[in-house]
């Protein structure tokens, strides 16, 4: 089980000051656990986050005792991508928890390798239920059964670890292979020479245009 040292946070201290000290403000809470503000080391948190994500149990070591929790939500800075705040959910001991675990695809699909198809990952995470101790870090999907463009991997086809229950719809498509797109060469249309207007040189005189000189009167008899 992963462990993370946490300090009780004074809510009067501005979050900016906590972040400048190399920590991030956080909070843990649960169904039967009051909301408690804490702060954790940014470096240690990132290390735990990369390994645990939302599906592995993290033991928060606080001055008031250890608390087993899951990372529930993280607020990231939209510019730097650095975590600004974290929520930890404390689960009830002896009860199952519902989480989404990431999917990891491995193997070689004959439809991709031999037929030139494109692997389409429909799901990237899987909804499951299990006791905290049985929660897997991720679920591995073998794509070798995808032999044709009609082949599909469904949620019910996934073999889950012992003690883990699938919450996704059994017939939910997880992955498939799509046929490659055929690129058709565009045929160039023949040039219609009759449609080309030939520019005439000079200026045509229109009926409306008169001569620049006025008409001379007829001579008198």
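At a glance:
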| item | result |
| --- | --- |
| Filter pass, residue 7 being assigned to a strand (DSSP E or B) and either touching a strand residue (DSSP E or B) at 6+ places or on another chain (Cβ under 8 Å) or surrounded by 14 or more Cβ atoms within 10 Å (Cβ to Cβ) (or both) | yes |
| Residue match in the stretch 16-36 (condition: surrounded by 11 or more Cβ atoms within 10 Å (Cβ to Cβ) and in a helix (DSSP H, G or I)) | yes |
| Any hit, the stretch 101-111, residues being touching a helix residue (DSSP H, G or I) at 6+ places or on another chain (Cβ under 9 Å), assigned to a strand (DSSP E or B) and surrounded by 14 or more Cβ atoms within 10 Å (Cβ to Cβ) | no |
| Candidate set from the stretch 63-83 (those that are surrounded by fewer than 16 Cβ atoms within 10 Å (Cβ to Cβ) and assigned to a strand (DSSP E or B)); member that is farthest from the chain's Cα centre (by Cα) | 65 |
| Single match in 86, 52 (criterion: touching a strand residue (DSSP E or B) at 6+ places or on another chain (Cβ under 6 Å) and at pLDDT below 90) | 52 |
| Condition met for residue 59 (touching a strand residue (DSSP E or B) at 6+ places or on another chain (Cβ under 6 Å) and either surrounded by fewer than 16 Cβ atoms within 10 Å (Cβ to Cβ) or closer than 30 Å to residue 124 by Cβ (or both)) | yes |
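The values are calculated or read from the model by the stated rules, or taken from the named source; none is laboratory data. Only a predicted model underlies this, so the values are computations on that prediction, with no experimental measurement involved. All Cβ positions, even for glycine, are placed from backbone atoms using ideal geometry, and neighbour counts span all protein chains on display.
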